[in-house]
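Participant: One structure, as structure tokens, below. Some questions next.
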Amino acid sequence: MINSRVFTEEDGRMEKVLELHQIIYGLFAAQIEFGTYGYKDPLPKMEDVSHWFSVSLDTVKTAYHQLKVEGYITLTKKAGAAVAIQFQRTELERNIETFFSLRKDAVMDLCQSFGPLFSRAQWYGLKSAGPEQLNELERLCSQPKILRPYVMVQHIRLIYGSLNNDLLLRLIWQAFLFYQAPFLSLPADLVAFEDSDDPLLDMISLCRQKDWKGLWETVASCQEQITSAINWFYADRITMEPPGEPVSFHWSAYQSTSQCCYSLAIDLLKGIRLGYFAQDGYLPSPAKIAKYERVSTITVRRTLTLLNQLGATRSVNGVGTYVLSMEDSTKDCDFSQPVIRKRLLDFVQSLQILAMTCGSCAKSVGINHSAVELWKERLAYIKDNFRYESVVYASLEIISLFAPNQTIRKIYDQLLRVLLWGYPLRSMHGSREKINEFYFPYVNVLLDSLERCDWDRLAAELEDLLFYELDFAAFRLNELDIREATSLVIVRHGA
């Protein structure tokens, strides 16, 4: 069997799956391995694929060249691309069983997580899409020759892309590539979906009617149908025990895993937040940090430069690097630095994802008695110590620790790390008195909701708080001339 490497994470180079030519490569590789395209079958013309994916012809050529190098296809100027591998029926079935059996636990968990994580984002994305985007998607859905995975690629680009959140888009791509694209590449599934009514057309119609409640019901129903189909598929088709180590779903908030100074900076910021490094106290020496984190001193010094630019610390020659107070961090932050502006944009993108998902994810935690008790303890501690702004991070951290699905826990852990880049914005709410005055009612309502086990009220309050934080952060960043942040603000309608 030739493995579709774009769908695996063993080599750890997750940034590769985020490139458009890798998406195209992965879809065709899976379709060949699963029998959608048989031996000597022609692949679509590069010009058609370029149009379907709305990418350059060079991007498609790169994908096709990789398919040729990997032995999937032959490629000539005269005949175009044709499948070069001849699989017997038993081999195709083994390819399918091997691929999906290795991913069963991860796919089942991702299916259960998809609703809380992506349904509301899809809903907001459809509401934010303009007439041109809806018209383009409708045109694609109406063309019978375009296979379902290619329509889904366009759906991601046009609908989720309308939210202008690169962090969200990378997450959606990765989830799509991990289980939806392979599943929709199975010939039997393609036939079943082509013969069924297209829910995307219903969604487009509801958007034009501005029927947001009906749109939400259709989005939720569509996700339930996909989950049900995958459950049936595993029960009916996949009988093989995993032939090796199960493949897990992984997601990194960063496009490149080589940017270790960002990860180290987040670790140090988390240590500052937890009080490991007291404010106005010094960080350990670069040599000690390098030894403890197992990185080079050069990486540590680059990281400290980044934290100095962020306003979290200030390094003094011959003395050391000390942690700045909340008030000083805003004054010392160099908002003109491109790297700082990009990290602050990462922060507000993370905040948008958390705002769209925190309500449903918070409800899922309510069934865990230990989670509820720890949540109450943390809120009581915040209340006793008059640090009411910590209610946001403390509440979201409970979700990252106790959400019933591993996918949600992993993603929330990543998002919370990115959230720490908002360090210099903490004092922009005003004085300590104004900060406490604003957050105090939220602390009380969340505590009361936990005591009463009122999960709807808890979810609504937390969501309201996160959307306020999103609006506030976007407004402040716009004042600092980071104007991309304002495109993330969402006008809400009740679902």
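Participant: Quick test of your reading of the structure: residue 85 fulfils all but one of (1) under 25 Å from residue 225 (Cβ atoms); (2) open to solvent by 20 Å² or more (accessible area, probe 1.4 Å); (3) among the β-branched types (Val, Ile, Thr). Name the failing condition by number.
Facilitator: Result: residue 85 fails condition (1) only.
Participant: Residue under question is residue 393, and the condition is that it be in contact (Cβ under 8 Å) with a residue 40 or more places away in the chain, out of contact with any Ser or Thr (no Cβ under 9 Å at 6 or more places or on another chain) and either closer than 20 Å to residue 325 by Cα or of a type in the set (Asp, Glu) (or both); does it hold?
Facilitator: Spelling it out, residue 393 is indeed in contact (Cβ under 8 Å) with a residue 40 or more places away in the chain, out of contact with any Ser or Thr (no Cβ under 9 Å at 6 or more places or on another chain) and either closer than 20 Å to residue 325 by Cα or of a type in the set (Asp, Glu) (or both).
Participant: Are there helices (runs of 4 or more DSSP H) fully within segment 389-472 with at least 1 residues that are under 22 Å from residue 121 (Cα atoms) and of a type in the set (D, E, K, R)? List them.
Facilitator: By residue number, 391-402, 406-419.
Participant: Do you know which residues across segment 150-173 are modelled with pLDDT under 85, of a type outside the set (D, E, K, R) and either open to solvent by 10 Å² or more (accessible area, probe 1.4 Å) or in contact with a Pro (Cβ under 9 Å, 6 or more places away or on another chain) (or both)?
Facilitator: 150, 152, 173
Participant: Another question about this same structure. List every residue pair whose Cβ atoms lie under 6 Å apart, where the two residues are 6 or more positions apart in sequence or sit on different chains, the first residue falls within segment 442-467 and is on the phi < 0 side of the Ramachandran plot, and the second residue, located anywhere, is open to solvent by less than 40 Å² (accessible area, probe 1.4 Å) and among the charged types (D, E, K, R).
Facilitator: 450/376
Participant: May I ask you to say which residue of 470, 396 is within 16 Å of residue 353 (Cα to Cα), in contact with a Cys (Cβ under 7 Å, 6 or more places away or on another chain) and surrounded by 19 or more Cβ atoms within 10 Å (Cβ to Cβ)?
Facilitator: Result of the check over 470, 396: 396.
Participant: Could you go through segment 344-355 and let me know if any residue there is in contact with a Phe, Trp or Tyr (Cβ under 7 Å, 6 or more places away or on another chain), outside any helix (DSSP H, G or I) and closer than 28 Å to residue 171 by Cα.
Facilitator: Taking every residue of segment 344-355 in turn, none turns out to be in contact with a Phe, Trp or Tyr (Cβ under 7 Å, 6 or more places away or on another chain), outside any helix (DSSP H, G or I) and closer than 28 Å to residue 171 by Cα.
Participant: For segment 446-457, does any single residue satisfy the condition of being closer than 23 Å to residue 356 by Cβ, open to solvent by 10 Å² or more (accessible area, probe 1.4 Å) and among the aromatic types (Phe, Trp, Tyr)?
Facilitator: There is at least one residue in segment 446-457 that is closer than 23 Å to residue 356 by Cβ, open to solvent by 10 Å² or more (accessible area, probe 1.4 Å) and among the aromatic types (Phe, Trp, Tyr).
Participant: If you don't mind, there's one more thing I want to ask. Go through 265, 235 for me and flag whichever is among the small types (Gly, Ala, Ser), part of a helix (DSSP H, G or I) and within 30 Å of residue 186 (Cβ to Cβ).
Facilitator: Values: 265 fails: within 30 Å of residue 186 (Cβ to Cβ).
Of 265, 235, the one residue that is among the small types (Gly, Ala, Ser), part of a helix (DSSP H, G or I) and within 30 Å of residue 186 (Cβ to Cβ) is 235.
Participant: Right, another one. Mind listing whichever residues of segment 312-339 are open to solvent by less than 40 Å² (accessible area, probe 1.4 Å), in contact with a strand residue (DSSP E or B) (Cβ under 8 Å, 6 or more places away or on another chain) and polar (S, T, N, Q)?
Facilitator: 313, 321
Participant: When residue 379 is evaluated against the numbered criteria (1) within 30 Å of residue 314 (Cα to Cα); (2) more than 18 Å from the chain's Cα centre (by Cα); (3) touching a residue at least 40 places away in the same chain (Cβ under 8 Å), which criterion, by number, is the only one it fails?
Facilitator: Against the list (1) within 30 Å of residue 314 (Cα to Cα); (2) more than 18 Å from the chain's Cα centre (by Cα); (3) touching a residue at least 40 places away in the same chain (Cβ under 8 Å), residue 379 comes up short only on (1).
Participant: Take residue 430 and decide whether it is small (Gly, Ala, Ser), surrounded by fewer than 20 Cβ atoms within 10 Å (Cβ to Cβ) and over 19 Å from residue 379 (Cα atoms).
Facilitator: Considered against the rule, which asks whether it is small (Gly, Ala, Ser), surrounded by fewer than 20 Cβ atoms within 10 Å (Cβ to Cβ) and over 19 Å from residue 379 (Cα atoms), residue 430 comes out as yes.
Participant: Of all residues in segment 305-352, count the ones that are closer than 16 Å to residue 271 by Cβ and in contact with a Cys (Cβ under 9 Å, 6 or more places away or on another chain).
Facilitator: Matching residues across segment 305-352 total 3.
Participant: If you go through segment 121-130 one residue at a time, do you hit one that is touching a helix residue (DSSP H, G or I) at 6+ places or on another chain (Cβ under 6 Å), within 19 Å of residue 28 (Cβ to Cβ) and aromatic (Phe, Trp, Tyr)?
Facilitator: Within segment 121-130, none of the residues are touching a helix residue (DSSP H, G or I) at 6+ places or on another chain (Cβ under 6 Å), within 19 Å of residue 28 (Cβ to Cβ) and aromatic (Phe, Trp, Tyr).
Participant: Residues that are touching a Phe, Trp or Tyr at 6+ places or on another chain (Cβ under 9 Å): which helices (runs of 4 or more DSSP H) entirely in segment 84-176 hold 2 or more of them?
Facilitator: 89-102, 104-114, 120-128, 148-158, 166-175
The values are calculated or read from the model by the stated rules, or taken from the named source; none is laboratory data. In this text the structure is predicted, and so the values were computed from the model without any measurement. Reconstructed Cβ throughout: ideal geometry from the backbone, glycine too, with neighbour counts over all protein chains shown. Surface areas here come from the heavy atoms of the whole protein model, side chains and all, with no ligands, DNA or RNA. Shrake-Rupley method; radii C 1.70, N 1.55, O 1.52, S 1.80 Å.
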